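*Asks:* Sharing a structure here in structure tokens format.
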């Protein structure tokens, strides 16, 4: 009797195991976990396209950085050529001014007494001016009647002058200089504050 019961229990257990192994839900999950070759190939192609797009973006950014560096280096080179002598040019302006003052005091008597010396000073000044021109150093020479420009001129005084408008240059006291598009020294000028006010006349009683 006991042997028959044991045999029956063993038979029931084997049937239960077969049912567990043949569970349709488990088989469905395994089928879903496996991708078809077409789906795998599609995913790989999408990943490759994303990688190519990322590399292309990095390449374009690197090329843009290189171009910016090239332009900056070219600009620095041009600035060095034009403005590298700015400090020296400022120092030489006083030399130019001294030549002007020296030649401004030469009288006819002095010129006749030492013509060679005066010609030598004039020649040296011309050479200095030519050196300025070669290095793009240009004089700023306003005239009376020109409009005052704060970017180029320095107002040394202001006074009312008949027949002028406020902001008109009425006197030039010193030349200015620029190098390239930068100001080395502003021209020193006097500026009009406008014509004097007309006196008020009282109406007769």
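*Asks:* Given (1) surrounded by 10 or more Cβ atoms within 10 Å (Cβ to Cβ); (2) in a helix (DSSP H, G or I), identify the lone condition not met by residue 144.
*Replies:* (2)
*Asks:* Is it fair to say residue 95 is surrounded by 13 or more Cβ atoms within 10 Å (Cβ to Cβ) and either more than 29 Å from the chain's Cα centre (by Cα) or in contact (Cβ under 8 Å) with a residue 60 or more places away in the chain (or both)?
*Replies:* It is false that residue 95 is surrounded by 13 or more Cβ atoms within 10 Å (Cβ to Cβ) and either more than 29 Å from the chain's Cα centre (by Cα) or in contact (Cβ under 8 Å) with a residue 60 or more places away in the chain (or both).
*Asks:* Can I ask one more? Is it the case that segment 91-108 has a residue that's assigned to a helix (DSSP H, G or I), in contact with a strand residue (DSSP E or B) (Cβ under 7 Å, 6 or more places away or on another chain) and under 21 Å from residue 179 (Cα atoms)?
*Replies:* The answer is yes, given that some residue of segment 91-108 is assigned to a helix (DSSP H, G or I), in contact with a strand residue (DSSP E or B) (Cβ under 7 Å, 6 or more places away or on another chain) and under 21 Å from residue 179 (Cα atoms).
*Asks:* All but one of (1) closer than 30 Å to residue 179 by Cα; (2) at pLDDT 75 or above hold for residue 81; state the number of the condition that does not hold.
*Replies:* (2)
*Asks:* Continuing with the same structure: Within segment 164-178, can you find the residues that are surrounded by fewer than 18 Cβ atoms within 10 Å (Cβ to Cβ), touching a helix residue (DSSP H, G or I) at 6+ places or on another chain (Cβ under 9 Å) and in a strand (DSSP E or B)?
*Replies:* Answer for segment 164-178, where residues must be surrounded by fewer than 18 Cβ atoms within 10 Å (Cβ to Cβ), touching a helix residue (DSSP H, G or I) at 6+ places or on another chain (Cβ under 9 Å) and in a strand (DSSP E or B): just 174.
*Asks:* Could you tell me which numbered condition residue 132 fails, if it satisfies all but one of (1) within 30 Å of residue 75 (Cβ to Cβ); (2) touching a strand residue (DSSP E or B) at 6+ places or on another chain (Cβ under 6 Å); (3) free of Cβ contacts under 8 Å to residues at least 60 places away in the same chain?
*Replies:* It fails just one condition, (2).
*Asks:* Testing residue 63 on (1) out of contact with any helix residue (DSSP H, G or I) (no Cβ under 9 Å at 6 or more places or on another chain); (2) surrounded by 11 or more Cβ atoms within 10 Å (Cβ to Cβ), one condition comes back false. Which one is that?
*Replies:* Just one mismatch for residue 63, condition (2).
*Asks:* Same structure again: State yes or no: is residue 135 under 23 Å from residue 87 (Cβ atoms) and exposed (fewer than 15 other Cβ atoms within 10 Å of the Cβ)? Please lay out each step first, then the result.
*Replies:* Numbers: under 23 Å from residue 87 (Cβ atoms): yes; exposed (fewer than 15 other Cβ atoms within 10 Å of the Cβ): no.
Answer is no for this residue.
*Asks:* Test residue 151 against the criterion of being surrounded by 12 or more Cβ atoms within 10 Å (Cβ to Cβ) and outside any helix (DSSP H, G or I), and give yes or no.
*Replies:* no
*Asks:* From (1) within 24 Å of the chain's Cα centre (by Cα); (2) closer than 20 Å to residue 186 by Cα, pick out the condition that doesn't hold for residue 129.
*Replies:* With respect to (1) within 24 Å of the chain's Cα centre (by Cα); (2) closer than 20 Å to residue 186 by Cα, residue 129 is out only on (1).
The values are calculated or read from the model by the stated rules, or taken from the named source; none is laboratory data. Remember, it's a predicted structure, so these values are computed and weren't measured experimentally. Methodologically, a virtual Cβ is constructed for each residue, glycine included, from the backbone with ideal geometry; neighbour enumeration extends over all protein chains shown.
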